[in-house]
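The values are calculated or read from the model by the stated rules, or taken from the named source; none is laboratory data. Predicted, not measured: the structure shown is a model, and the values here were computed from it. Virtual Cβ from ideal backbone geometry, glycine too; neighbours counted across all protein chains shown.
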Amino acid sequence: MAGALLYPLILLGLCILGLFAWILYLIFGPSQYDGSPAGSGTGLVSVHVLVLGDIGRSPRMTYHALSVAKHGGKVNLIGYLETSPHPDVVNNPNITLNPIPAPPRKPDSLPFLLFAPWKVLYQVYHLFFLLAYTLEPAQWILVQNPPSIPTLAIASLICQLRNTKLMIDWHNYGWTILASTRGPRHPLVRISKLYECLFGRLGSFHLTVTHAMARQLRRAPYSIKREMLPVHDRPAAIFRPVSSPSARESILQRVLPAEKGLVPRILDGSMRLIVSSTSWTPDEDFSILLDALTRYASAAGGLTPILAVITGKGPQKEMYLERIAELTRAGRLPNVRIVTAFLPFPDYAALLACADLGICLHMSSSGVDLPMKVVDMFGAGLPVAAYSGYESFGELVKEGSNGRGFKTAEELAEILARLLSPEGQTELETLRRGAVREGSRRWDEEWDAKVGVIMGLTT
Ligand SMILES: *[C@@H]1O[C@H](CO)[C@@H](O)[C@H](O)[C@H]1NC(C)=O
């Protein structure tokens, strides 16, 4: 008898719970966006631009925000406030900064697998309340991927709750980045791949950084069917060419005070200046450049001396500094001087404009992203020698037009020997003109014609 009553009672209990939840949702649930549809010309277009990273170091999301604001849209820019954001963002009346609290730091004693869920819950809590309650509902949420956990899930939930449209800006994949540090078979890599494929499909619109990435997102396992547009990155205004020798001289003396004595030689071409910025991480194999420079230095006949300036901070820096010191002591780097620097942004931009060749060691974890540093080098009119072993490489670096690709240290050493020699100056000059041309293409044109139209801000 008791058994016969059990199931109806459970059912009744569930119904009451459901009803209760529904009432709670009606009373406390977030409000919905009820503005006019995009493009109708009435009502302000409002966009929440969301990145689970430092706003100051998220140039692409910064440009999205500035573009929306420029066309009269109202922007809430959401992310961490670690470094100072772009001054145009701070002073823009149409952009509101919404900092999210920095995530807790991992105590050394806690294993990663226990800490990660705690960190995610912390982020879920803050993001949910900000997006569901603190902010007014928006017409669009534009979210950067990666990081994807938990932003993709939260953003798609909020869009359901608040009648907002979700636009995902694919910069790369979270799972391939994770796989490059934890190994492809790590359980977290599998989970995050599944997660990204699943929530990726919920976006009603998709932007990608390359055509190759858009093609890939159409295929399994992503299988995204919604509209998708590649929008290539463009250099910030701060990166621009410098042509007058006197400007070059004063920049070099200011930016590299310790190398002042070498500046006249760089200016008259009896020494070549190459610049590389690296994150000193395993996914940018710095040993390729070091190996290439050692080969260059040992070449018979005495090639043009090189000053190599390496900028950036990162975990493997100390290790490589020791190796450089060892090689120098052993006399294996004659005619090559390697210095490291961590420069303020404007100085870095000015240095690029004064160099002879930029070196990029970026090895795409997904195969379909592109290194922003090469975009910036082109903005400064600097041709590049860049690692070329991935699918999307040719969308940015055009062989023989604005740069040269290499896959091994041997190939890089050959490129250096050719382009930095007196005979290579015609080729280098051609590449430089190509770099200036590529770098002069602007973000605004591309954005206004593509994203602005979709958001109903431009026609
Ligand atoms: C802010 O939006 C208004 C229109 O609402 C526009 O005229 C103005 O140019 C925008 N300001 C900036 C700095 O983008």
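Odds and ends about this structure:
- Being closer than 30 Å to LEU207 by Cβ and crowded, with 19+ Cβ neighbours inside 10 Å holds for only one residue in LEU307, LEU352, LEU357, LEU333, and it is LEU352.
- Taken as a whole, the structure leaves LEU166 outside the set of residues that are assigned to a helix (DSSP H, G or I), of a type outside the set (D, E, K, R) and either more than 20 Å from HIS64 (Cβ to Cβ) or in contact (Cβ under 8 Å) with a residue 12 or more places away in the chain (or both).
- Check on TYR63, of a type in the set (Phe, Trp, Tyr), closer than 30 Å to ALA179 by Cβ, surrounded by 14 or more Cβ atoms within 10 Å (Cβ to Cβ) and in contact with a Pro (Cβ under 7 Å, 6 or more places away or on another chain): no
Listed here are the residues, each with its yes/no results for (1) away from the ligand (no atom under 16 Å from the Cβ); (2) touching a residue at least 24 places away in the same chain (Cβ under 8 Å); (3) in contact with a Cys (Cβ under 9 Å, 6 or more places away or on another chain).
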{"site": "LEU66", "(1), (2), (3)": "no, yes, no"}
{"site": "THR83", "(1), (2), (3)": "yes, yes, no"}
{"site": "PRO111", "(1), (2), (3)": "yes, no, no"}
{"site": "LEU121", "(1), (2), (3)": "yes, no, no"}
{"site": "TYR133", "(1), (2), (3)": "yes, yes, no"}
{"site": "LEU142", "(1), (2), (3)": "yes, yes, no"}
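- Given (1) touching a residue at least 24 places away in the same chain (Cβ under 8 Å); (2) away from the ligand (no atom under 16 Å from the Cβ); (3) over 22 Å from VAL453 (Cβ atoms), index of the condition VAL89 fails: (2)
- Residue list for the stretch 408-459, filter: under 25 Å from VAL231 (Cβ atoms), among the polar types (S, T, N, Q) and over 25 Å from the mean Cα position of the chain (by Cα): THR458, THR459
- Residue check, THR328 touching a helix residue (DSSP H, G or I) at 6+ places or on another chain (Cβ under 7 Å), in the same structural domain as ALA385 (by TED's automatic domain parsing), polar (S, T, N, Q) and part of a helix (DSSP H, G or I): no
- Subset of the stretch 260-308 [under 32 Å from the mean Cα position of the chain (by Cα), polar (S, T, N, Q) and more than 23 Å from GLU326 (Cα to Cα)]: none
- When the stretch 42-60 is filtered for residues that are within 16 Å of the ligand (Cβ to nearest atom), modelled with pLDDT under 95 and touching a Gly at 6+ places or on another chain (Cβ under 8 Å), the ones remaining, listed by number, are GLY43, LEU44, VAL45, SER46.
- Search result, residues across the stretch 350-390 that are in contact with an Asp or Glu (Cβ under 7 Å, 6 or more places away or on another chain) and part of a helix (DSSP H, G or I): LEU352, MET372, VAL375, PHE378
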